[in-house]
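Quick notes on the structure that follows.
Read-outs: derived from the displayed coordinates by stated rules, not from any lab. Note that this is a predicted model, so its numbers are computed, not measured. Glycine also receives a Cβ, built like all others from the backbone with ideal geometry; neighbour counts cover every protein chain displayed.
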Amino acid sequence: MTSPSSVLIVGAGHAGLQAAGSLRDGGFAGDITLLGNEAHHPYQRPPLSKAGLELDSFSTPTIRPPRYFEERSIKVVLGDKATRLDRSRRRVLTSAGREFVADHIILATGASNRRLSIRGEGLRGVFYLRTVDEARALRGALHDAKRLVVIGAGFIGLEVAAIARKRAIVTTVIDIDNRPMARAVSPQMSGYILGLHTAAGAEVILNTSVEEIEGCDGTVQSVRLASGEKIAADVVLIGIGAAPNVDLALGASLQVDNGILADEYLTTSDSDISAIGDCASFLAQHGQRVRLESVQNATDQARSVAAKLLGRSQPYAAIPWFWSDQGDTKLQIVGLVSGCGEMLVSGNPGEHSFSVFCFREGKLAGIESVNRPADHMAGRRLLKLSSAIQIESVVAANFDMKVLEADVRARELEAMQ
């Protein structure tokens, strides 16, 4: 494609920031505008549910200082929401009445908290957690909290639950599914995570929905379950996932299905518009269309689109990886384990050091590791290799990652000769 003379990036999160930086650092000489609806410069989101809630003081975890943008001549517009995308004129209109026009538009609009549409969701003491302002508000509430109810046993909910138990806050986690983190990890890892939180003193209630959040004088007092049981709470965190921000794309008649549809080059149904990060639906390693919410995915896709606009197009093929800090436990995941039918465990979950090797149709698709960073890093290298890793090879190597990696590389070298 012809390199554009100007680029507008809608969204000032991890993906938007990386796209702007990669373009300029790659030699792009045209105008770059970064448009964000929050008032803050791009900041780190992962600490918001982790260490950020534990620190004595809370400051915005800014990724780059303002001078970074000044030195690279990147125009940053903050606190103004994009409200309309006019494809015919390649322009974006904002809530403040601004108009931005560019040869190429990158949609890095991210995702928003899924709302729990039940009675009492708007009471004081009920929180969501995705932005730095929400994290600051939750941290203040937890300072004096006695009882916390977390609705949703996903990454964010369980990370906050672990922090609450460290503070001796009586904590109850509720989820409609039959195991924690069911959409993200294997049954073996779910079982371990469940035991981890119950051992720390949290109550975890599964296969249960919430009917109402009850309060008095506008302030939360309890959570009522579908069974009728009431759980006392002075703080409630709702963490039931996120929905991609696709309103802008829908209004412009771009193709959308659980995210803005993008091809292998992260180009949307309009060749002058790309989509990256949490809002983008793309083809993953196993040929299925997915939408991922992770810093790695956001930054790698941003680099890929920047390379495309600089005339160095390559299909996006990065291997996804994720992490979660829950108490003193670090969970690291490489690959996509959803839908895997076979799992093998290496190590001892009882000693809080093990990995779960996940296979799809007999081929290694992902590795979940608890307090085993070496396994995780080796897995990131292994899944980048072109050769499919069969379950028999993993067993033959006795889960020794060095032996397995050497064997796969040797087979690839032999195939090339």
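Quick notes on this structure:
- Taking every DSSP bridge with both residues inside the chain, close to 60 percent are antiparallel.
- Directionally averaged projected area (convex hull, Cα atoms, the stretch 1-82), nm²: 6.3
- Extending 7 Å from Cα along the Cβ direction at residue 414 and again at residue 188 yields two label points whose distance is 2.7 nm.
- Counting all C-alpha pairs of the stretch 260-387, share separated by more than 20 Å (%): 48
- DSSP beta bridge pairing in the stretch 126-240, given as percent antiparallel to the nearest 5: 40
- Estimated inter-spin distance, residue 216 and residue 272, nm [label 7 Å along Cα→Cβ]: 6.1
- Close amide H partners of residue 112, meaning residues 5 or more places away or on another chain with modelled amide H under 5 Å apart, are 243, 245.
- Cβ-based exposure ranking for 14, 104, in which fewest neighbours within 10 Å come first: 104, 14
- Label-point separation in nm, residue 243 to residue 352, each point 7 Å along Cα→Cβ: 3.8
- When the GluC sites (Glu not before Pro) in the stretch 315-417 are filtered for DSSP coil states and for at most 14 other beta-carbon atoms within 10 Å of their beta-carbon, the remaining sites are 361.
- Neighbour-count ranking [beta-carbon atoms within 10 angstrom, fewest first] of 62, 2: 2, 62
- What the Cβ-Cβ distance of residue 117 and residue 203 gives, at R0 = 35 Å and to the nearest 0.05, is a FRET efficiency of 0.90.
- Gain in span if fully extended, residue 3 to residue 288, counting 0.36 nm per residue against the direct Cα distance: 99.6 nm
- Among beta bridges that DSSP assigns inside the stretch 33-135, antiparallel share in %, nearest 5: 75
- Residue-by-residue Karplus 3J(HN,Hα) for the stretch 255-262, coefficients 6.51, -1.76, 1.60, Hz, glycine and proline x: 6, 9, 7, 6, x, 7, 5, 9
- Restriction of the trypsin sites (Lys or Arg not before Pro) in the stretch 258-324 to DSSP coil positions whose beta-carbon has at most 14 other beta-carbons within 10 angstrom yields 312.
- In the chain, the calculated helix contribution to ellipticity at 222 nm averages -7500 deg cm²/dmol per residue, counting -39,500 (n - 2.57) for every DSSP H run with n ≥ 4.
- Trypsin sites (Lys or Arg not before Pro) within the stretch 331-417: DSSP coil, no more than 16 neighbouring Cβ in 10 Å: 384
- Note that the stretch 217-225 has calculated 3J(HN,Hα) couplings of 6, x, 10, 4, 10, 6, 10, 9, 8 Hz, one per residue in order, obtained from phi through the Karplus relation 6.51 cos²θ - 1.76 cosθ + 1.60 (θ = phi - 60°); glycine and proline are x.
- For the stretch 328-416, the direction-averaged projected area of the alpha-carbon convex hull comes to 5.6 nm².
- Calculated on the alpha-carbon coordinates, the convex hull of the chain measures out at 155 cubic angstrom per residue.
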